[in-house]
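Reading through the structure tokens given below for one structure.
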Amino acid sequence: MCARPSKRGVRSARHPAVALDDALTFVVEVHEKNADGLDAEAIARALGHRSIKTKGFSTRLSAARQFGLLELSRGGYRLTDLARALRSKPTPDALRRAFLNVPLYADLLIELGGKPLPMVDALASHLFHDHQLSASARRRAAVAFLDSARRASLVGPGDQLRLDTAS
């Protein structure tokens, strides 16, 4: 993944800025507020945000899309079948599918699988140097990855990142 230039400088490679649990909470809120299928502005209002530019809203919306929990359809954001399944019964398999929907996470799982989980700072450095995440995004992205891997039951004995999908 290459970083893209923006008006402010280098733009970070695509990654969820929040963990899988935060994205799941977001889609549950969307469902509970009857905002499924609405455009971003309407969802933001339904969830009590003044604007789609509110950092908490935009980061959770983006993460939900990256995890495959929301899709853009006919001008509105709809919960995917995966989101519906996770909302009703979050199985380990469904959580892993959501985790692996993020290309960066799938790449990291291959790179780091079978090894002990790196410390946050080491992973942040790896994300910066090898995956073109910006300096300002790398630590938050590392924490989100580690939290998401744990939630998806991809951390096994000895705190090793698991490549297998057995529970």
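Might you check whether a residue that is of a type in the set (A, V, I, L, M), touching a residue at least 12 places away in the same chain (Cβ under 8 Å), surrounded by 19 or more Cβ atoms within 10 Å (Cβ to Cβ) and more than 28 Å from L109 (Cα to Cα) occurs anywhere in segment 44-51? Break it down stepwise before answering.
Just the residues of segment 44-51 that are of a type in the set (A, V, I, L, M), to begin with: 44, 46-47.
From what's left, touching a residue at least 12 places away in the same chain (Cβ under 8 Å): 44, 46-47.
Now restrict to residues that are surrounded by 19 or more Cβ atoms within 10 Å (Cβ to Cβ): 44.
Remaining after also requiring more than 28 Å from L109 (Cα to Cα): 44.
Yes - at least one qualifying residue is present in segment 44-51.
This table checks each residue for (1) surrounded by fewer than 16 Cβ atoms within 10 Å (Cβ to Cβ); (2) more than 13 Å from the chain's Cα centre (by Cα); (3) modelled with pLDDT of 95 or more; (4) over 18 Å from D21 (Cβ atoms).
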position	(1), (2), (3), (4)
G113	yes, yes, no, yes
P118	no, yes, no, yes
L127	no, yes, yes, yes
L133	no, yes, no, yes
A142	no, no, yes, no
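State which residue is farthest from G76 (Cα to Cα) when the search covers only segment 32-43 and only residues that are in a loop (DSSP other than H, G, I, E, B), open to solvent by 40 Å² or more (accessible area, probe 1.4 Å) and not basic (K, R). Please lay out each step first, then the result.
Step one: filter segment 32-43 for residues in a loop (DSSP other than H, G, I, E, B), giving 33-39.
Narrowing the set further to residues that are open to solvent by 40 Å² or more (accessible area, probe 1.4 Å) leaves 33-34, 36, 38-39.
Subsequent filtering for residues that are not basic (K, R) retains 34, 36, 38-39.
Values: N34: 13, D36: 8, L38: 5, D39: 4 Å.
Per the criteria, the residue is N34.
With the checklist (1) open to solvent by 60 Å² or more (accessible area, probe 1.4 Å); (2) touching a residue at least 40 places away in the same chain (Cβ under 8 Å); (3) more than 21 Å from D164 (Cβ to Cβ) in hand, flag the one item T59 doesn't pass.
The failed condition is (1).
Would you mind stating whether R87 is touching a residue at least 12 places away in the same chain (Cβ under 8 Å), in contact with a His (Cβ under 7 Å, 6 or more places away or on another chain) and open to solvent by 40 Å² or more (accessible area, probe 1.4 Å)? Can you show your working first?
Numbers: touching a residue at least 12 places away in the same chain (Cβ under 8 Å): yes; in contact with a His (Cβ under 7 Å, 6 or more places away or on another chain): yes; open to solvent by 40 Å² or more (accessible area, probe 1.4 Å): yes.
Yes; evaluated as a whole, the condition is true for this residue.
The values are calculated or read from the model by the stated rules, or taken from the named source; none is laboratory data. Predicted model, so just to flag it, every value in this text is computed and none were measured. When we count neighbours, we look across all protein chains shown, and the Cβ atoms used for this are built from the backbone with ideal geometry, even at glycine. Just so you know, the surface numbers come from the protein's heavy atoms only, side chains and all, with ligands and any DNA or RNA stripped out. Shrake-Rupley method; radii C 1.70, N 1.55, O 1.52, S 1.80 Å.
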